[in-house]
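Below: one structure, written as structure tokens.
The values are calculated or read from the model by the stated rules, or taken from the named source; none is laboratory data. This is a predicted model, so every value here is computed, not measured. Positions of Cβ are generated from backbone atoms using ideal geometry, with glycine treated the same way; all protein chains shown enter the neighbour counts.
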Amino acid sequence: MPRPLRIEYAGAIYHVMNRGDRREAIYRDDEDRANFLHTLGEACGKTGWQLHAWCLMGNHFHLVLETPQANLVAGMGWLLGTFTGRFNRRHRLSGHLFGGRYKAQHIDGRSGAYLVTACDYVHLNPARAGLVRAEEPLETWRWSSYPGYLRPQLRTPWLRVDRVLGEHGRQTDGVGDRRAYARRVEALRQDGNGEAPEMKRGWRLGAEDFVERLAERLGRAGASGERAAERHETDEQLALRIVREALAEAGIAEAELLALPKGDPRKVAIASRLRAETPMTRLWIAARLAMGSASYLSALLESRVDDRQLCPLAPCTRPSPHAGRW
């Protein structure tokens, strides 16, 4: 059976889920969970993603994310690959951590009801799995975005709560609004209305004409230049701009790249910045900077003791258009 196509466009919303290889655990302890969240935060900084909900379980995770740029595939590739490498180094392992392709269910963003359904489903996962006892509040499971909805001090910078709270009729983010939201979610939990069977089947969640709109998007994405027109700045364009600026600051002409040693510290510094600020692959970076193979580049980056000592260029992150609302 052929793999379903990934449909990417600016402003798309997805329910993303992935399990461990052979359904084995992807987190062995809370440090692994914290490391995953740190890596997820880095991915959001690189891609501009906005998270509406997330939940870490034992052998899988759930994300409800919005992509202001059409970069789900590049971002997920970086997130899963980077966390796998960090997990394996920490536990002295090698090989795959995640099994197969991640699931990316399209959410119809024209109506907030579908977004709310997806977020409720994600937040209620620990209750369905028995990780929270019946007499305990759902927020007892701290490895999800739900506690952050109720307590602003627990929110990560990349969590966006305004749309979901707004769909619940909460026009502000006050204490009363958060309590009302908690009562509604707990009521769903008690009534069993958070099961959302539509979340477990199919590749989309939306109105009847949603599939037609996605098909139109898919057709337009195949047209020359159409996808680029939908982006404010593509990931590759961002990476190329960083290379140009870094070369100029380092005093290196484009024609000199091939002549310089593959492991030239200035090249390594630029490569490190590209890895920190973009989701570009090691293969792309190695080819662009004339640094040999992707494996050789990996060895150079891993042996780099202190990125900031070698690269005076402070890493930048793309500010969220919703900064200040959390």
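Numerical summary
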| quantity | calculated |
| --- | --- |
| Odd one out for residue 135, checked against (1) over 23 Å from residue 199 (Cα atoms); (2) free of Cβ contacts under 8 Å to residues at least 60 places away in the same chain; (3) touching a helix residue (DSSP H, G or I) at 6+ places or on another chain (Cβ under 9 Å) | (3) |
| Sole residue being within 27 Å of residue 103 (Cα to Cα) and at pLDDT 80 or above, chosen from 215, 255, 207, 221 | 207 |
| Residues of the stretch 71-113 classified as under 15 Å from residue 51 (Cα atoms) and touching a residue at least 60 places away in the same chain (Cβ under 8 Å), total | 9 |
| Residues located in the stretch 79-96, provided they are modelled with pLDDT of 95 or more and hydrophobic (A, V, I, L, M, F, W, C) | 79, 80, 83, 87 |
| Selection count where residues are crowded, with 16+ Cβ neighbours inside 10 Å and not basic (Lys, Arg), scope the stretch 253-275 | 8 |
| Selection from the stretch 27-55 of residues that are over 22 Å from residue 74 (Cβ atoms) and under 16 Å from the mean Cα position of the chain (by Cα) | 33, 34, 55 |
| Considering residues of the stretch 228-252 that are farther than 16 Å from residue 275 by Cβ, at pLDDT 90 or above and not acidic (Asp, Glu) only, the residue surrounded by the fewest Cβ atoms within 10 Å (Cβ to Cβ) | 251 |
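Yes or no, residue by residue, for (1) surrounded by fewer than 16 Cβ atoms within 10 Å (Cβ to Cβ); (2) touching a residue at least 24 places away in the same chain (Cβ under 8 Å):
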site: 115; (1), (2): no, yes
site: 124; (1), (2): no, yes
site: 140; (1), (2): yes, no
site: 144; (1), (2): no, yes
site: 152; (1), (2): yes, yes
site: 165; (1), (2): no, no
site: 176; (1), (2): yes, no
site: 181; (1), (2): no, yes
site: 189; (1), (2): no, yes
